[in-house]
Each structure stands twice: as structure tokens, then as C-alpha cells.
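Enquirer: Please see the structure below; I have some questions.
Derivation of every value follows stated rules applied to the coordinates shown; laboratory data play no part. Since the model is a prediction, treat every value here as computed from it, not as a measurement. Quick reminder, even Gly has a Cβ in these numbers, built from the backbone with ideal geometry, and neighbours come from all protein chains shown.
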Ligand code: HEC
């Protein structure tokens, strides 16, 4: 029994070192390493949900702010329910322009839209004026808002995406 226990201790204490007094101890540098590894583990376990949560909160705040921009600016033409005004202003409901290519969508807001193209089979007599006086953040917010409303499902727009387009059209 005793030799068996001894060998068990030997195996389990493989990483420990014997000092000159013949006592088992863990060298201080190993203790420090263990502490760092434990701290990193605790951080990654604890921090990843926090980071994910923060991202969701930030995205939700952007959409909330975007709703206000929409109400102040876009609503007059595109209406509160995104339905637009027949023959004048197109609907944003399930719009391929809204949920499609980010760059094209950002350009519509930055440059305006006066192409006489059919939008879902109908033409609209009004022109959309440029909204370039909005900040990158405001444009990102309002577009992120319309991209998850009025039956559209698309990813958020970031201020850096807007900045990129601003540089392109200058
Ligand atoms: C003065 C009225 C007016 C305002 C304000 C306005 N739009 Fe428009 N918008 C239009 C018109 C008109 C068109 C279509 C132009 C055309 O057919 O040439 C259009 C087109 C669009 C399109 C592409 C077509 C579609 O139906 O998906 C999007 C997207 C859009 N607008 C988003 C916005 C957003 C977002 C805002 C607010 C930041 C806004 N618009 C403000 C009048 C307006």
C-alpha cells in the first residue's frame, strides 16, 4: 500500500521539484505561470459573453438612434410604415435596395437618388435629395434601422462603411 501511494505521488507531482531539504515544492516561476494561465482562462470564460453582449447592446442602440433619424428625415417621404407614397416616393418595405449591397444603399443617402428606374415595377416622380449633411454615425444608424425594419433583414451598417463611400464619391 505504502509503495503504491508513493509512486502515485511521484507521478502526480511530476512538475514539482525537490529542494535541498528534500521537500516537495512548486518553483515560484511555475506558480506565477499557473496564476497567469488561470487568470487568462477566467478572463476568456467571463469576458466573451460580456463582449458579445456589449456588441448586441451597441447594435441595438444604433438601431434605436436610427429610428429617430428616420422619423425626422425619411418619414416625410417614405412614411412611418415605410410604405412610401404611390407614384411619388417608393416604399422601403422588402426593398432589394435596402437589404442589398451596402455601398449602393449608402450612396443613395449620400448622393441622393434621381435615376428614373422602376423600383419593384413602379416609377416614382420625386427625386430623393442627398442626405450627406448627416454624420457617418447617423447614416449608419438610420440604414441599420431600415435594414431590420419594414420586412427587411440585413446586416448593420457601420460608420466606417459610410466613411469609405464618402471618400469614394469625393
Ligand atoms: C424628399 C423625399 C425623400 C426623403 C426625405 C428621403 N427619400 Fe429616399 N427616396 C425618395 C425618392 C423619390 C426615391 C426614388 C427616386 C427615384 O426613383 O429616382 C427614394 C429612394 C430611396 C431608396 C431606394 C429605393 C427603395 O425604395 O428602396 C432608399 C433605400 C431610400 N430612398 C432611403 C431613404 C432614407 C434612409 C432616407 C432618410 C435618410 C430617405 N430615403 C429620405 C424620396 C425621399
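Enquirer: Show me 118-125, 139-146, 44-51, 162-169 ranked by packing, highest mean number of other Cβ atoms within 10 Å first.
Expert: My ranking of the peptides, most packed first, is 139-146, 162-169, 118-125, 44-51.
Enquirer: Starting from 0 in steps of 10 Å, tell me what percent of the Cα-Cα pairs of the range 61-169 lands in each bin.
Expert: 16, 53, 29, 2
Enquirer: At 0.36 nm per residue, minus the direct Cα-Cα distance, what do residue 43 and residue 101 gain on full extension? Give it in nm, one decimal, please.
Expert: Between residue 43 and residue 101, full extension yields 17.1 nm more.
Enquirer: If you don't mind, there's one more thing I want to ask. Between residue 114 and residue 35, what's the calculated FRET efficiency when r is the beta-carbon distance and R0 is 45 Å? Round to 0.05.
Expert: That gives a FRET efficiency of 0.10.
Enquirer: For the residue pair residue 126 and residue 85, what label-to-label distance in nm results when each label sits 7 Å from Cα along the Cα-to-beta-carbon direction?
Expert: Between residue 126 and residue 85, the simple spin-label model gives 0.5 nm.
Enquirer: Given an 8 Å cut-off on Cα distances and at least 6 residues of separation, report the relative contact order of the range 61-169 as a percent.
Expert: Reported as a whole number, the value is 32 percent.
Enquirer: How high is the relative contact order of the range 96-142, given as a whole-number percent (alpha carbon pairs under 8 Å, six or more residues apart)? Could the numbers behind the result be given before it?
Expert: Details: 33 pairs, mean separation 16.2, N = 47.
Relative CO of the range 96-142 lands at 35 percent.
Enquirer: Using the number of other C-beta atoms within 10 angstrom as an exposure proxy, rank 41, 68, 105 with the fewest first.
Expert: Numbers: 41 10, 68 13, 105 23.
Exposure proxy ranking, most exposed first: 41, 68, 105.
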